[in-house]
Amino acid sequence: MKRMLVLALFLASPAMAQDVDPELVGELMAFHGSKAIVSAMTTHCYETTGLDTAYQTANDNWYLRNIGFLDLADRVALRLGGGTPEEIAAAETYGGTQIMSAYNQAPDKETFCRAFLEQVDSGALDIDKQLPDALDRAQDIAAQ
């Protein structure tokens, strides 16, 4: 009986179980949407601009700057009862769809791509700049 009580207390501790927070899980899944945006535009702009490797370099640098945030989002979302592969795929699809819509509506694809490259290179599209509140909340939860 004593062992079961200890196990129940352990499982109920804040470090192991969090209240389900679908809003925060959705915001954390948006981290993956950001990744999809950068990835999709890297591919399209690389092709649009005549295979300019600056896009691939920018994508690689974005990933290196943001991989820790993506990992944090996954860990915290799982803790909150979300972060399923289906949710991640939906966020990536949504992000990719949104940026492709903007790209397709742009009258000058090369200008659109150059502006996108500047945003990626400057860090303006980094997760800590785009989603600072969700990142702060995830860091707080992870620290518990």
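The values are calculated or read from the model by the stated rules, or taken from the named source; none is laboratory data. The structure displayed is predicted, hence computed values, not measured ones. Note that each Cβ is placed from the backbone with ideal geometry, even for glycine, and that neighbours are counted across all protein chains shown. Surface accessibility is based on the protein's heavy atoms, side chains included, excluding ligands, DNA and RNA. Shrake-Rupley method; radii C 1.70, N 1.55, O 1.52, S 1.80 Å.
List of remarks:
- Long hydrophobic helices in the chain, taken as whole DSSP H segments with a C-alpha length of 24 Å or more on their own axis and mean Kyte-Doolittle hydropathy at least 0.0: 22-48.
- Rg/Rg_globular for the range 19-62, with Rg_globular taken as 2.2 N^0.38 Å and Rg from C-alpha atoms: 1.56
- Annotation: extensible slack from residue 60 through residue 114 equals 17.8 nm (criterion: 0.36 nm per residue apart, minus Cα-Cα distance).
- Using a probe of 1.4 angstrom and keeping all protein chains present, the accessible surface of the chain works out to 58 square angstrom per residue.
- Over the range 49-90, the hull volume per residue, using the convex hull of the C-alpha atoms, is 74 Å³.
- Value of [θ]222 nm, deg cm²/dmol, for the chain, DSSP H segments ≥ 4, -39500 (n - 2.57) each, nearest 500: -26500 deg cm²/dmol
- Spin-label pair residue 122-residue 47: with each label point 7 Å from Cα along the Cα-Cβ axis, the two points sit 2.8 nm from one another.
- Using 0.36 nm per residue and subtracting the Cα-Cα separation, the extra length available between residue 93 and residue 144 on full extension is 15.2 nm.
- Computing Cα extents along the principal axes in Å directly from the structure and comparing it against (i) 63, 58, 36; (ii) 55, 29, 26; (iii) 69, 23, 22 singles out (iii).
- Across the accessible surface of the chain, with the other protein chains kept in place and a 1.4 Å probe, carbon and sulfur atoms take up 58 percent.
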